Amino acid sequence: MKNRLLWPLIALAALLVLNLVVTPSFFALRIQDGHLYGGLVDVLKNGAPTLLIALGMTLVIATRGIDLSVGAVAAIAGAVTCVHIGTSGDAGTAFAGMAIALVLCAVLGLWNGFLVAGLGIQPIVATLVLMTAGRGVAMLVTEGQIITVNNDPFRQVGAGFLILPISILISLAVLGLVALATRKTALGMLIEAVGVNPEASRLAGVRSRTIIWTVYVFAAVCAGIAGLMISSNVSAADANNAGLWIEMDAILAVVIGGTSLAGGRYSLTGTLLGALIIQTLTTTVYTIGVAPEVTLVFKAIVVITVCLVQAPKARAALSFRSRKVAVS
Amino acid sequence: MTESPPPVVEMRGISLAFPGVKALQDVDFRLFPGEVHALMGENGAGKSTLIKTLTGVHTPDSGSVLLAGDAVAFSSPGEAQQAGISTVYQEVNLCANLTVAENILLGREPRKFGGIDFRAMRAKAAEVLARIGVHIDPASVLESHPIAVQQLVAIARAIAVDCRVLVLDEPTSSLDAGEVAELFRIMRVLRDEGVAILFVSHFLDQIYEISDRMTVLRNGALVGEHLTAEMDRRALISAMIGRELGTLEAIEDASERRDASGPVLVHAEGLGRRGAIAPFDLDIRAGEVVGLAGLLGSGRTEMARLLFGADKADSGRLLVDGTPLHLRGPRSAIAAGIAFCSEDRKGEGLVADLSIRDNLVLAMQAARGWSRPVPRKVKDSLVEKYLAALDIRPANPDALVRTLSGGNQQKVLLARWLVTEPRLLILDEPTRGIDIGAKAQIQQLVTNLAAEGTAVLFISAELEEVVRIADRIVVLRDRHKIAELDGGASIDEVVGLIAGEQVAERTAS
C-alpha cells in the first residue's frame, strides 16, 4: 500500500517544487478578513469538486464499474438549485433548493445502478446514457439560459471561507465519512470482493447488486454536491459548461491514486493525492504561463508520465536498467 | 533409457523467492530428449514455479538454465517458445471462437501479399494434426469440439513450431479414461520423435503408465531424481509428503462406524431445471455423507447448484427440516444452513486479490450484512483456528489468496464455509488438482464433520474416493439420477451403473 502511494506523492512534490521555483510566492499564505489566501489554498478550493467526484468514482471503479455521467449530474444539481432559488436571497430557499437537487441526484444514481446492477448493462455504456442525456435535462431545467442567482447562503458552499474554503472542508468531511463507512464497517471489504470476483461473491452470499447500486447512488450524490460547489462559486448555473469533462479528471485522479480500473482494491488516500495532483497541475499551467493553446498537451504529458511510472512494465524496465547499471 | 544423449534442458541450483515465501531452493533438474519426465510433488512443492522458471514466466534469483548446453535466460514465455520450449496448461488457453487452424497457428499465420493465406494455414494445421493422429476439420470452430479435443488442439499448437521440449501441466485433470489414452498415444508418438516431455499429473496410475523418469520436489527443494521403473509407489508417496501415510485407512474405519440414521435434513422433491438436470428426489440426513457419482457432464454440479440456489429450479421443491424453502438465491440457502464449495475455485470460489483473512470471513460477513462487521477479535481467533486446523500454508492471514497453491486455496474456501457452521456442506470436487497429503486431510475433515452431525454432499470424479467416504452413493447419468446405492457398494457396481448396465437389485428405495 505504501509503495502504491509513493509515486503519486513524488509527483505531487515535484509539481509543488516546480511551482516554488517558477513563482516563489506560491507557498505564501496570508490572512485577510479571517480568511486564508494563497496559491495552496487556491489549489484546495478549486480541487474540492474534483476530489468529491473522485471519491464517488473510486468506489464505483472498485466494483469494476465506471461512471461517466458525473459531470452531467453536477450540472443538473446546479441548475435545479439555481432555478429553485431564482431571485430569492434567503437561506431557507437555498437549502431547500440544494436538498431537492441532491435527492434528484440520488434518483439519477438509482437509475445508473438500475442499468448496471439490475439490467446488467456494461457500466461505461449505461452511464454514457446519462452523460449525454443529463446535459439535456439540465438545459430543460434552465430553459437554455445561464441562470444567475444572488443568494449569500448558497454562495458560501462554493466560495465561502471558514478560515479554509468551505468547499474543501465539505470534501474532506465526505472523505472522512467514506473512510469511516468503508473501513469501520465491512462495506469496503465487500466492495472489493464484488470488484475482484462478482460471481464468487454472489455464491458466498454477498448482496452484490445492492452494493453496486449503493456505490452508483453515492457517486451521483457526490457529483451533486460538487455541482452545487461549482455553481455556487460563480453564483450561476451553466447547463453546458458546469462540470464539463470533470469525469475525466476524476477518473484520472482515481487511477493516479493507484486504484486499478480492473476493480478490486482501492485507496481513498490515493484518490486524495490524485485529485491534488490534477488540481495542482491545472494551477501550475496558469502560474507558469503555459500558453492556453497547449494547456491540454502539457496536462497530458504530466498524466502520461505519472501513469508510466506506475505501470508494472515500465517500472520493471526501469529497475532492470538500474540493476544493470549497478552490475557494470 | 540410457544416459548417453546429453540433457536437452538442465537447470542448476535454481532458487527463487516470492515475498515471504521461498518457492524454490537450490533445485537441480534435467530433461533428456525422447523421454517423458514426471515432475512430482505436493501442491506448493514448487512444481508450477519450476515450470514457470523454465518457460520464462519467472526469472530465478540464482542458478542457471541450460538449453542444449547453452545458458539461456528467457524473459517471456514467447522467447522460451521460440527456443523450442512449448507449454500446455491445465486450463485450455485458446480462443474458443476461432477455428482450429487459426488457434494452432495464431501469431505465426502463413502470409501472402500482406494478408493471411488461409489455404496454406489450413493445410499446415491439417499436417500438424495428422502428425499426432487427430482427425478433425481445421476449418471448424474450436468451441464446437469437446474440451478433450480442445486440449489436443492445444498440444498441436505447441508442436506446430519446432518443439524440442513440451511441458504438459496437468493436461489430464478434465479428461476421461479414453481421452487420456488418446493423449498418451500422442505423447508416445512425440517422445519417439525425440521430443522431451515434462509431465505433471496428480494421478499416480498415469505417472506409472507414461513416464520414464521422475523428479520429486518437496517444499521447494529437490528430493531426488529417479527412473520410474526403480521407484515403487509407496516410496514415491513417502518422498512426496515426507511422512508415512496412515490416514487413508483411518478414514475407512470411521465411515463404517458412523451412525448415519439421523433425521432427514434436506429433502428434494422433483427438483429439476431444464437443460441442467432432470427432476430428482433426494434425502440427505444429518451426519450423513452422500456421494454423487457420475461422469463429467452427468449433472453432478448442476444438482449441487440447484440445492444451493446458485441456479433457479424450474420444477419441484426443496424442504429443509420438513419446511418448504423458497430458494431465491444463495443467500436463502445460506440462511437455511446450506454451504457450497464450487469446483471452480478461482472463478466461483475465492476472491484472489483479497487476503486469507478476508476470504475466510467473507460468507460470514455477507450473512451479517455490511453494517455489522465481524469484530476484529472474532476474526483473528477464527483465522487462527482454521489456519491451524486445516494446516493452511503460509500461515499468514494477510497473504493474498492468489499466491497460495491449489490445495491451500481449497482449504481456505472450505474454511470460509466452516466458519458459518453449515448443516449441509456441498463439496464439488474438493480434492481435484490437489496433492495426496491435502486430499487425505480434506477427506478426514469430511469424516469428522459427519461424525459431528453435519450432512455432507460429496462430489468427486474419483470413484474410489466417493465409495470410500460416502454412506450412500447417488449415481447420475446423462443428467438423470439413476440410482442410490448404500455405502457398502463396490466401485464395480457404480461403474456398471454409470456405464448403463442394469444393476438394480441393490438400489436403495
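The values are calculated or read from the model by the stated rules, or taken from the named source; none is laboratory data. Just so you know, these numbers come straight off a predicted model, no measurement behind them. Every residue, glycine among them, receives a Cβ derived from its backbone with ideal geometry; neighbour counts consider all protein chains shown. Areas reflect the complete protein model, heavy atoms only, side chains present, ligands, DNA and RNA absent. Shrake-Rupley method; radii C 1.70, N 1.55, O 1.52, S 1.80 Å.
Mind checking which residues of the stretch B:262-300 are β-branched (Val, Ile, Thr) and under 21 Å from B:Ala450 (Cα atoms)?
Once the filter is applied, which keeps residues that are β-branched (Val, Ile, Thr) and under 21 Å from B:Ala450 (Cα atoms), the stretch B:262-300 yields B:Val264, B:Val266, B:Ile284, B:Val289, B:Val290.
Residues are listed down the side, and each one gets a yes or a no for (1) assigned to a helix (DSSP H, G or I); (2) more than 8 Å from chain B (Cβ to nearest Cβ); (3) open to solvent by 60 Å² or more (accessible area, probe 1.4 Å):
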site	(1), (2), (3)
A:Ala173	yes, yes, no
A:Thr182	yes, yes, no
A:Leu190	yes, no, no
A:Val194	yes, yes, no
A:Gly205	no, no, no
A:Thr214	yes, yes, yes
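Away from every other protein chain (no Cβ under 14 Å) and crowded, with 21+ Cβ neighbours inside 10 Å, is that true of A:Thr142?
So A:Thr142 fits the description; yes.
Hey, which of the helices (runs of 4 or more DSSP H) in the stretch A:233-328, taking only ones fully inside, have at least 2 residues that are over 28 Å from A:Ala219 (Cα atoms), within 18 Å of the chain's Cα centre (by Cα) and modelled with pLDDT of 85 or more? So that I can check it myself, show each step before the final result.
Working: elements: A:246-256, A:268-287, A:295-310, A:312-327.
Ranges flagged: none.
Within the stretch A:236-270, track down each residue that is at positive phi and open to solvent by 20 Å² or more (accessible area, probe 1.4 Å).
Once the filter is applied, which keeps residues that are at positive phi and open to solvent by 20 Å² or more (accessible area, probe 1.4 Å), the stretch A:236-270 yields only A:Trp245.
Out of the stretch A:97-113, which residues are more than 20 Å from the chain's Cα centre (by Cα) and surrounded by fewer than 15 Cβ atoms within 10 Å (Cβ to Cβ)?
Passing the criteria: only A:Ala99.
Among all residue pairs at least 6 apart or on different chains, which show Cβ distances below 9 Å where the first residue, located in the stretch B:97-123, is farther than 18 Å from B:Leu142 by Cα and without any contact (Cβ under 8 Å) to a residue 40 or more places away in the chain and the second is in a loop (DSSP other than H, G, I, E, B) and acidic (Asp, Glu)?
B:Pro110/B:Asp117; B:Arg111/B:Asp117; B:Ile116/B:Glu109; B:Asp117/B:Glu109; B:Ala120/B:Glu109
What number of residues in the stretch B:84-121 are over 30 Å from B:Gly56 (Cα atoms) and open to solvent by 60 Å² or more (accessible area, probe 1.4 Å)?
So the count comes out to 5.
Going by the structure shown, is B:Val128 of a type in the set (Val, Ile, Thr), touching a Leu at 6+ places or on another chain (Cβ under 7 Å) and modelled with pLDDT of 85 or more?
Taking the combined requirement at face value, the residue does not satisfy it.
The rows are residues; the columns are (1) part of a loop (DSSP other than H, G, I, E, B); (2) under 27 Å from the mean Cα position of the chain (by Cα).
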position	(1), (2)
B:Leu50	no, yes
B:Thr59	yes, yes
B:Val65	no, no
B:Thr87	no, yes
B:Asn97	yes, yes
B:Val134	yes, yes
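Across the stretch B:348-373, which residue is most open to solvent (accessible area, probe 1.4 Å) among those that are over 30 Å from the mean Cα position of the chain (by Cα) and within 7 Å of chain A (Cβ to nearest Cβ)?
Among them, the one singled out is B:Trp370.
Rundown of residues vs (1) touching a residue at least 60 places away in the same chain (Cβ under 8 Å); (2) surrounded by fewer than 23 Cβ atoms within 10 Å (Cβ to Cβ); (3) not basic (Lys, Arg), yes/no style:
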residue: A:Arg4; (1), (2), (3): yes, yes, no
residue: A:Leu36; (1), (2), (3): yes, yes, yes
residue: A:Gly39; (1), (2), (3): yes, yes, yes
residue: A:Thr63; (1), (2), (3): yes, no, yes
residue: A:Val70; (1), (2), (3): yes, no, yes
residue: A:Ala75; (1), (2), (3): yes, no, yes
residue: A:Ile85; (1), (2), (3): yes, no, yes
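Among helices (runs of 4 or more DSSP H) lying entirely in the stretch B:316-398, which contain 3 or more residues that are closer than 12 Å to B:Leu413 by Cα?
Hits in the stretch B:316-398: B:356-368.
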